[in-house]
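A short write-up of the structure that comes next.
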Amino acid sequence: MLRRAQRLQHQCTRSLTATVASGSQQQCRRQIISRALSSTSSAAPIPWFVDPKPVERPPVHSPLNKAALAPPVPQEAPQLLKDLQSELLQSPHLDLSTLVVCRAVPPPPGPALPERLPQGKRRRGGTIAGESSYDFTSGIWAWYVFAQVKEGTEGRGAVESVVRQVRKSLLTRTPPVTLPPKSRRQMDTGWALVDGGNFAVHILSKEAREKFFSDIIVN
């Protein structure tokens with residue numbers, strides 16, 4: 001009886017030892033496999049279809065951030081011009097960095113003529129004529145809107161398209177803005193003007209801007 005108990009105890013001890021050894025062997029085997037896989041994955045070359053450099057995607061210009069591309073409209077500008085700029089921001093033909101709303105700045109006056117009294121029997125040659133309406137050099141417009149089309153598109157209908165958009169925006173307001181008839185002749189020069197009464201909208205090419213308005217629109 002005692003021998004049988006000792007034999008069972010010996011068998012249990014051997015079984016427990018084998019189980020522990022088997023578990024240790026499995027754990028060691030798992031560690032070896034995981035190390036091998038990690039070293040293999042780190043040393044493996046990058047596949048040809050995987051770009052190692054991160055892809056830089058261009059920012060998507062939503063209507064919210066398009067306004068940041070254009071110069072700000074002055075606070076004292078008429079609401080009509082603020083609304084017009086908001087609509088022109090959606091045009092695919094315009095260079096938004098040159099979409100400017102500003103007060104009309106008169107050109108600097110030329111040198112004054114020397115004062116001279118009228119001469120002769122017919123009193124000619126005098127330069128003192130008194131006050132005149134021509135002495136007021138503020139111009140006929142109080143505000144300007146400059147909209148430059150993208151370079152290279154002025155000969156492909158970009159100017160005409162923006163003119164149509166401006167006229168439609170002004171004519172569909174309540175009350176509508178009184179506009180003169182559209183002239184197609186001026187569009188052939190890369191520069192069109194929409195006369196809104198106390199403001200003027202200039203739709204122009206880059207060449208026309210640099211030639212006539214380089215001191216107003218600065219890139």
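The values are calculated or read from the model by the stated rules, or taken from the named source; none is laboratory data. No experiment lies behind these values; they were computed from the predicted model shown. Cβ: placed from backbone, ideal geometry, glycine included. Neighbour counts: every protein chain shown.
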Qualifying position, being in contact with a Lys or Arg (Cβ under 7 Å, 6 or more places away or on another chain) and on the phi < 0 side of the Ramachandran plot, among ARG173, ARG167: ARG167
Any idea which of GLU160, GLU210 is at pLDDT 90 or above and among the acidic types (Asp, Glu)? GLU160
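To keep it simple, each residue is scored yes or no on (1) at pLDDT 90 or above; (2) buried (at least 17 other Cβ atoms within 10 Å of the Cβ).
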position: ASP135; (1), (2): no, no
position: GLY139; (1), (2): no, no
position: ALA142; (1), (2): yes, no
position: PHE146; (1), (2): yes, yes
position: ARG156; (1), (2): no, no
position: ARG167; (1), (2): yes, no
For the stretch 51-95, name all the residues that are surrounded by 10 or more Cβ atoms within 10 Å (Cβ to Cβ), of a type outside the set (Gly, Ala, Ser), part of a helix (DSSP H, G or I) and at pLDDT 90 or above. LEU80, LEU81, LYS82, ASP83, LEU84, GLN85, GLU87, LEU88
Six or more apart or on different chains, Cβ atoms under 8 Å: show the pairs whose first residue is in the stretch 194-219 and surrounded by 18 or more Cβ atoms within 10 Å (Cβ to Cβ) and whose second is part of a loop (DSSP other than H, G, I, E, B) and modelled with pLDDT under 80. ARG209/ILE217
Take the residues in the stretch 171-199 that are of a type in the set (A, V, I, L, M, F, W, C) and touching a helix residue (DSSP H, G or I) at 6+ places or on another chain (Cβ under 7 Å); name whichever of them is farthest from PHE213 (Cα to Cα). VAL177
